[in-house]
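Right, one structure below, let's go through it.
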Amino acid sequence: MGYDLNNAKNNYFRFSHWNWRRYLKLASDYGWQPAGTIMSGDSAWDGNYLSNSRQRITAEDAGGLADAWQRALDDQARGGSARPNATGEGDPSEGHVVYVISDSPSVSGGDLLAAGALLILDDQAWRKMGPPPVSPEMIAFFRDGPIWIG
């Protein structure tokens, strides 16, 4: 499963299930404040970004994502921190932080990463994994919002 996104210019971008979550987390780490998605005709819609229901990211919110990813790209080009405002549970001084990247039900043991429910990283693991790659094309795509997630 992945996420197929279309913007107002009918351009297309695809994210894998796992990477879309990583990109949303990266944007959050670089100051993006999610406004929530909109589902036409559904007043009970919960505003989530993790469904393939043709929900819409507003042009303003898509611009906020693009701005955050531009800051990440600029920071990475300067050799800066991959996660300047990362938040999570746990004690970073102990080298372990749990990042919740999904509203999926909790799972245990080796199923954690496979289910995408939690991402558990110590500082060394994050440095090895690194942030997801951000491209100028991806940023430009989101600047042409709104975006529909399908």
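See the values below:
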{"read-out": "Segment 138-150 residues that are of a type in the set (D, E, K, R), paired with ones that are not in a helix (DSSP H, G or I) (beta carbon under 6 Å, 6 or more apart)", "value": "Asp144/Asn7; Asp144/Ala8; Asp144/Lys9"}
{"read-out": "Tabulated pairs, segment 47-62, first free of Cβ contacts under 8 Å to residues at least 24 places away in the same chain, second assigned to a strand (DSSP E or B) and not acidic (Asp, Glu), C-beta under 9 angstrom, 6+ apart or interchain", "value": "Gly47/Ile38; Gly47/Gln55"}
{"read-out": "Residue match in segment 20-37 (condition: touching a Gly at 6+ places or on another chain (Cβ under 7 Å) and modelled with pLDDT under 90)", "value": "yes"}
{"read-out": "Qualifying residue in segment 72-82 (condition: part of a loop (DSSP other than H, G, I, E, B), more than 16 Å from the chain's Cα centre (by Cα), modelled with pLDDT of 50 or more and among the polar types (S, T, N, Q))", "value": "yes"}
{"read-out": "Number of the exception - Asn11 against (1) touching a residue at least 40 places away in the same chain (Cβ under 8 Å); (2) over 19 Å from Arg56 (Cβ atoms)", "value": "(2)"}
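The values are calculated or read from the model by the stated rules, or taken from the named source; none is laboratory data. Just so you know, these numbers come straight off a predicted model, no measurement behind them. Methodologically, a virtual Cβ is constructed for each residue, glycine included, from the backbone with ideal geometry; neighbour enumeration extends over all protein chains shown.
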